[in-house]
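Q: Structure below; questions to follow.
The values are calculated or read from the model by the stated rules, or taken from the named source; none is laboratory data. Just so we're clear, the structure is a prediction, and the values are computed from it rather than from any experiment. Cβ: placed from backbone, ideal geometry, glycine included. Neighbour counts: every protein chain shown. Each accessible area value is taken on the protein alone, full model and side chains, heavy atoms only, with ligands, DNA and RNA left out. Shrake-Rupley method; radii C 1.70, N 1.55, O 1.52, S 1.80 Å.
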Amino acid sequence: MASQKNSQIIRWAVIIASFIIVTLILWNTYAFFQKFKNEERAKMEILATAQKDLATNLDLNASINLPLKILENNKNVPMILSNDNDEIISWQNLDSVKAKDHSYLVKQLAIMKRENDPVIIQFDRDQKNYIYYRDSDLLTKLKYYPIALILILFLFASVIYLFFKSNKVAEQNKLWTGMAKETAHQIGTPLSSLLGWIEILRLENTDENTIKEIENDVHRLNIIAERFSKIGSIPTLEKLNIVEATFNSFNYLKLRSSKQVEFNFKSSEKEILANINLQLYSWVIENLIKNAIDAMEGKGKIVLAITENTKSVNIAITDNGKGIPKNLQQKIFSPGFTTKKRGWGLGLSLAKRIIEDYHNGKISVSKSEINKGTTFVIALRK
């Protein structure tokens, strides 16, 4: 208990530390972004001063090398120089081919107006020029860096979550496997004892029919023990007559169920071969029939129909019970989900695993209506 508590404390400490680190990285990125943005603004203001000096310098002998150097030094910030009437005078760092089309320059001007306030070049009271600009490619990439960082961290967190979840599921599966194998081992002792008592009953001339039924139940307990012992290991599949295997499980429950439940078995053929593990497959059939009996509250009709086509054999189990709401028809196969007051919600999830993972088949709710009944269908490859 203490180790589990320490593990939770460490996990939360790591989460909090990660959150602090991410916050610091995002804050530093924002600070860098603002710093570079201010530097580009200052660069545009210096460029505006140089532009003004060139335009207002009337001395033909004066040196203009410095203003020209400043203008030429701008190689990464896209800009447009315009007058009061938004007439474009010049531009820099735009696509030279596209800039031949005046509409392209107009669109770029609109983008720049939205992105940054213009730098004003005041020549006199009535004459002004404006330098419009947008962020450099470097600044644009830096702007989207926090978003990329958040996405990377989100993916990293998802991987960590899935890792912990898979570990937890693996631990649970290991626990269930251990419990199942131990249960099978524990059942073995009383089963051996029961076989001995059956022989004693025979020696005492007990009715043979009674002994036969007891033997059937002992045989069934032995099958159940085998099922538990196989959990956690890959079962062996055999080519068997699925009609016979299904009927045996169906008939076993029929003989031990209430007479108020009507059982009806149908099959298009007497023999249909399919690769199955007899113990696990019969467990699925029994589980679905028991669920049907529970859904009808011990009174109603169950129809099991086996049909085939060129590729598969389909086993449909239909009851006229209370039905399953549409919003629950996908959830019923999830481990732990149950609508019963008792039960652990493992029956249908194990059935799905047996059919789909071990037999490469499909199990689903074919149809279900409230207070009319439900049909489960198992599809197996022939």
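Q: Filter segment 296-310 down to residues that are under 18 Å from residue 359 (Cα atoms) and part of a loop (DSSP other than H, G, I, E, B), then give me how many there are.
A: Let us first name the residues in segment 296-310 that are under 18 Å from residue 359 (Cα atoms), namely 306-310.
Remaining after also requiring part of a loop (DSSP other than H, G, I, E, B): 309-310.
Count: 2.
Yes or no, residue by residue, for (1) hydroxyl-bearing (Ser, Thr, Tyr); (2) open to solvent by 30 Å² or more (accessible area, probe 1.4 Å):
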position: 280; (1), (2): no, no
position: 290; (1), (2): no, yes
position: 300; (1), (2): no, no
position: 307; (1), (2): yes, yes
position: 314; (1), (2): no, yes
position: 320; (1), (2): no, yes
position: 323; (1), (2): no, no
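Q: Could you give me the residue pairs with C-beta distances under 6 Å whose first residue belongs to segment 326-343 and is open to solvent by 100 Å² or more (accessible area, probe 1.4 Å), whose second residue is modelled with pLDDT under 70 and outside any helix (DSSP H, G or I) wherever it lies, and which are 6+ apart or on separate chains?
A: Listed by first residue and then by second, the contacts come to 331/337.
Q: List the number of the failed condition for residue 313; all other conditions in (1) in contact (Cβ under 8 Å) with a residue 24 or more places away in the chain; (2) assigned to a helix (DSSP H, G or I) hold.
A: Just one mismatch for residue 313, condition (2).
Q: Go through segment 256-271 residue by residue and tally those that are assigned to a loop (DSSP other than H, G, I, E, B) and open to solvent by less than 100 Å² (accessible area, probe 1.4 Å).
A: Taking segment 256-271 as the starting set, the residues that turn out to be assigned to a loop (DSSP other than H, G, I, E, B) are 256-260, 268-271.
Those still in the list that are open to solvent by less than 100 Å² (accessible area, probe 1.4 Å) too: 256-258, 268-269.
Residues meeting the conditions: 5.
Q: Could you check segment 95-110 and list, in sequence order, the residues that are under 23 Å from residue 54 (Cβ atoms) and at pLDDT below 90?
A: Of everything in segment 95-110, those that are under 23 Å from residue 54 (Cβ atoms) and at pLDDT below 90 turn out to be 96, 99.
Q: Pick from segment 203-216 the residues that are among the acidic types (Asp, Glu) and open to solvent by 60 Å² or more (accessible area, probe 1.4 Å): which of them is farthest from the chain's Cα centre (by Cα)?
A: 204
Q: Here's a follow-up. Run down 224, 293, 289, 234 and say which single residue is in a loop (DSSP other than H, G, I, E, B), closer than 24 Å to residue 349 by Cα and of a type in the set (Val, Ile, Thr).
A: 234
Q: Kindly indicate whether residue 183 is in a helix (DSSP H, G or I), in contact with a helix residue (DSSP H, G or I) (Cβ under 9 Å, 6 or more places away or on another chain) and at pLDDT 80 or above.
A: Judged against the criteria, residue 183 is not a match.
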